[in-house]
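The values are calculated or read from the model by the stated rules, or taken from the named source; none is laboratory data. None of these values were measured; they are calculated from a predicted model. Positions of Cβ are generated from backbone atoms using ideal geometry, with glycine treated the same way; all protein chains shown enter the neighbour counts. Ligands, DNA and RNA are excluded from the accessible area calculation, which covers all protein heavy atoms including side chains. Shrake-Rupley method; radii C 1.70, N 1.55, O 1.52, S 1.80 Å.
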Amino acid sequence: SWQVSELARAAQVSLGQTSNVCRRVIGEGYGALVERRLRLTEPAKLLEAWREGYAARAHTLEPYYSFEQTPERLLAKVAEVAAARRWRYAVTAFAASSMVAPFVRGVGTVEWYVEDAAALAEWIGALELRPAESGPNAIVRLPYDAGVFYRAQTVGGVTLVSNLQLYLDLSMDPGRGREQAEFLRAQRIA
C-alpha cells in the first residue's frame, strides 16, 4: 500500500496528478483506501486496463540494419557502447523477453529505447546503423516520455525495461507478442 506522497516521489510526478490517478484507480474499482493508503484490490484487472489503454504507437520506432552478425552480438555492442559513453537506454520487446522469460524462439531484431532524437543520432553513428526500409535487425525507439526507463533492470550486463513495460510493449506486437507477453506475465508479473 502507498501514500499519495510516496507514489508521487516514486513516479516523479506532482502530488495533484498522483492524487487524480489514485482517485481514478479507486473509482474504477481497482483499489481502495485502507488507513489513508492506496491498496490495489484488483491488480490483474488494472494491468489489463492499462494494457488496453497503452499507446505504444505513440513511441517513434526507427528501423535500422546493423552489421553485427547475431542479435546477441548486437545486444552486447549496445551495452558496451552505452557503458563507455554513459548513455541511457533500455532494451525491450523480444530481445528483452528472451533474457527474462524466454518463450518465443528465433529473436531476430533488437529493440531499445533511447532518450531523444539527439541521442538517436549518436547511437546511429556509434553503432554504424543503416536505415532499413524492410527487414531491420535493429529498431531504436524514441519514447514519448521517460516512463519507459522507470525501474529498468540489468540482466547479463544489458539494461532492459521493467517487466511491466516489457509486458506492455510485447502486448502491442502484431505477431506473437501477445503470446510472449502473457508468458512473461505468468512467469514474472503474476
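Which residue fluctuates most in the GNM of the chain (Cα springs below 10 Å): Ala44, Ala152, Ala90? Comparing Ala44, Ala152, Ala90 in the GNM, the peak value goes to Ala44. Close amide H pairs (under 5 Å, H built 1.01 Å from N) link Val110 with Ala138, Ile139, residues at least 5 positions away or on another chain.
Quick one: ranking Arg88, Arg36, Arg73, Arg51 by accessible area, 1.4 Å probe, largest first, what do you get? Don't jump to the answer; show the numbers that get you there.
Values: Arg88 105, Arg36 210, Arg73 130, Arg51 30 Å².
From most exposed to least exposed: Arg36, Arg73, Arg88, Arg51.
Which value, in debye to the nearest 20, gives the size of the charge dipole of segment 1-107 about its Cα centre, when Lys and Arg are +1 and Asp and Glu are -1 at the Cβ?
Numbers: 15 positive and 10 negative charges, 52 e Å.
Roughly 260 debye, rounded to the nearest 20.
Across the options Trp2, Leu75, Gly157, the greatest Cα extent toward the positive end of the charge dipole of the chain (unit charges at beta carbon of Lys, Arg, Asp, Glu) belongs to Trp2. Proximity of backbone amide H atoms, modeled 1.01 Å from N, is registered between Thr159 and Val91 at under 5 Å, excluding neighbours fewer than 5 places apart on the same chain. Recomputing Rg/Rh (Cα atoms, Kirkwood Rh) from the coordinates shown identifies the correct label among (i) 1.01; (ii) 1.06; (iii) 0.96 as (i). Charge dipole (Cα centre; +1 on Lys/Arg Cβ, -1 on Asp/Glu Cβ; no other charges) of the chain amounts to roughly 560 debye.
Placing unit charges on each Cβ (+1 for Lys and Arg, -1 for Asp and Glu) gives segment 7-103 a dipole about its Cα centre, and among Gln17, Trp50, Ser98 the Cα reaching farthest toward its positive end belongs to Gln17.
Legend: residues Ser19, Ser97, Ser134, sorted from most to least accessible area (1.4 Å probe; ligands, DNA and RNA excluded), read Ser134, Ser19, Ser97. Solvent-accessible area of the chain (1.4 angstrom probe, protein heavy atoms only): carbon and sulfur portion equals 50 percent. Which trypsin sites (Lys or Arg not before Pro) in segment 93-190 sit in a loop by DSSP (not H, G, I, E or B) and have at most 16 other Cβ atoms within 10 Å of their own Cβ? Sparse-neighbourhood loop trypsin sites (Lys or Arg not before Pro): Arg105, Arg151, Arg176. Over the chain, accessible surface divided per residue gives 57 Å², non-protein components excluded, 1.4 Å probe.
At the residue level, Met99 shows approximately 60 square angstrom of accessible surface with a 1.4 angstrom probe and all protein chains present.
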